[in-house]
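J.: One structure, pasted below without further comment.
The values are calculated or read from the model by the stated rules, or taken from the named source; none is laboratory data. All figures in this text were calculated on a predicted structure; none of them were measured in a lab. So basically every Cβ, Gly included, is an ideal-geometry build from the backbone, and we count neighbours across all protein chains shown. With ligands, DNA and RNA removed, areas are computed over all heavy atoms of the protein, side chains included. Shrake-Rupley method; radii C 1.70, N 1.55, O 1.52, S 1.80 Å.
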Amino acid sequence: MALRATVYKVQLDVSDLDRNHFAQYPLTLALHPSETEERMMVRLLAFAMHAGQDVQFGKGLSAEDEAAVWEVDPTGQIKVWIDVGQPDESRIKKACGRSDRVVIYCYTRSAEVWWKQNQDWLNKLDKVQVLQLGVEDGATLAGLAQRNMNLACTIQEGTVYLGEAAVQPITLKNTTV
């Protein structure tokens, strides 16, 4: 018998002062049986960072031809392909071919090693932006995971605050040049 995804309900309030975007998003996230809560919460962070009318979650880990999060305009054009983790070269190049822009959110202890191994060819791709979360930030995000969440995300001058109340900022290191 196949394991089923665990459903998480999120009320996400986004106040993005950098983009002048303010909205509430009632979201349903599915935690795939092979996915960690940390990865799911990084997906949620990526959604919050790009929140807008056309931003949506992909089908998940089992759908290899979809992004974790993406912005798809009404005509079906993929504006932004957002991946989470450490995608391989073929996946990134495929994303570049299908979208106007690609953003990768790296996390975990091995993110820096992945970046060092791939930075030369990634820096040659104009469409790609790589953001790294600190190990502590990933753990902080995982600690927020509950089956029912009511979270606020404030983005100001590149600093992200995500949590239920007074929270620590999440630092994203922009590794692309």
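J.: Could you report the chain's accessible area per residue, 1.4 Å probe, as an integer in Å²? Write down the numbers at each step before the final one.
T.: Numbers: 9420 Å² over 177 residues.
Normalised by residue count, the accessible surface of the chain is 53 Å².
J.: Okay, moving on. Leaving ligands, DNA and RNA out of it, report the carbon-plus-sulfur percent of the accessible area of the stretch 1-111 at a 1.4 Å probe. It would help to have the intermediate numbers written out before the result.
T.: Details: 2730 of 5600 Å².
It is 49 percent, rounded to a whole number.
J.: Rank these by accessible area, largest first, 1.4 Å probe: Glu66, Glu37. Spell out each step's value before the answer.
T.: Working: Glu66 30, Glu37 70 Å².
Correct descending sequence by accessible area is Glu37, Glu66.
J.: For the chain, just run the numbers: alpha carbon Rg, then divide by 2.2 N^0.38 Å, N being how many residues it has. Write out the running numbers ahead of the final one.
T.: Values: Rg = 15.5 Å, N = 177, 2.2 N^0.38 = 15.7 Å.
Taking the Cα Rg and dividing by 2.2 N^0.38 Å, one obtains 0.99.
J.: To continue, here is another question. Report the accessible area of Glu38, computed with a 1.4 Å probe over the heavy atoms of all protein chains in place, in Å² rounded to the nearest 10.
T.: Around 40 Å² of this residue is reachable by solvent.
J.: Please report the relative contact order for the chain, taking Cα pairs under 8 Å with a sequence separation of at least 6, and give it as a percent rounded to a whole number.
T.: Details: 321 pairs, mean separation 40.1, N = 177.
Worked out over the chain, it gives 23 percent.
J.: Tell me, what is the FRET efficiency for Thr159 and Arg4 to the nearest 0.05, using R0 = 41 angstrom and their Cβ-Cβ distance as r?
T.: With a Förster radius of 41 Å, E is 0.65.
J.: Pick out, in residue order, every one of the trypsin sites (Lys or Arg not before Pro) in the stretch 22-86 that is DSSP loop and has at most 10 other C-beta atoms within 10 Å; say none if there are none.
T.: Numbers: sites: Arg39, Arg43, Lys59, Lys79; in loops: Lys59.
Filter output for the stretch 22-86: empty list.
J.: Pairs Lys59/Lys79; Lys9/Lys94; Lys9/Lys127; Lys93/Lys116; Lys94/Lys124: which are spaced more than 24 Å apart, C-alpha to C-alpha?
T.: Values: Lys59/Lys79 17 Å; Lys9/Lys94 31 Å; Lys9/Lys127 32 Å; Lys93/Lys116 18 Å; Lys94/Lys124 15 Å.
Among Lys59/Lys79; Lys9/Lys94; Lys9/Lys127; Lys93/Lys116; Lys94/Lys124, the Cα-Cα distance tops 24 Å for Lys9/Lys94; Lys9/Lys127.
J.: Same structure again: Helix by helix through the chain, keep the DSSP H runs that span 18 Å or more along the axis on Cα and average at least -1.0 on Kyte-Doolittle, and give those back in order. Don't skip to the answer; put the middle values down first.
T.: On the way: long enough: 37-50 (20 Å, 0.34).
Helix filter hits for the chain: 37-50.
J.: Mind listing the long-range amide H neighbours of Asp54? Cut-off is under 5 Å, sequence gap 5 or more, other chains count too, H placed in the peptide plane at 1.01 Å from N.
T.: Excluding prolines and chain starts, which carry no amide H, there are no hits.
J.: Here's another thing I want to ask about it. Give me the net charge of Leu44's neighbourhood, meaning all other residues with Cβ under 11 Å from the Cβ of Leu44; Lys, Arg count +1, Asp, Glu -1.
T.: Values: positive: Arg39, Arg43; negative: Glu37, Glu38.
Taking every other residue near Leu44 into account, the sum is 0.
J.: Still on this structure: Once the whole set of protein chains is in place, how much accessible area is left on Tyr161, using a 1.4 Å probe, in Å² to the nearest 10?
T.: 80
J.: Express in Å², to the nearest 10, the accessible area of Thr140 obtained by rolling a 1.4 Å probe over the protein heavy atoms while all chains stay in place.
T.: For Thr140, solvent-accessible area is about 70 Å².
J.: Continuing with the same structure: Mind ranking Asp16, Asp54, Asp100, Asp120 by accessible surface for me, highest first, 1.4 Å probe? Could the numbers behind the result be given before it?
T.: Details: Asp16 5, Asp54 45, Asp100 75, Asp120 115 Å².
Greatest to least solvent exposure: Asp120, Asp100, Asp54, Asp16.
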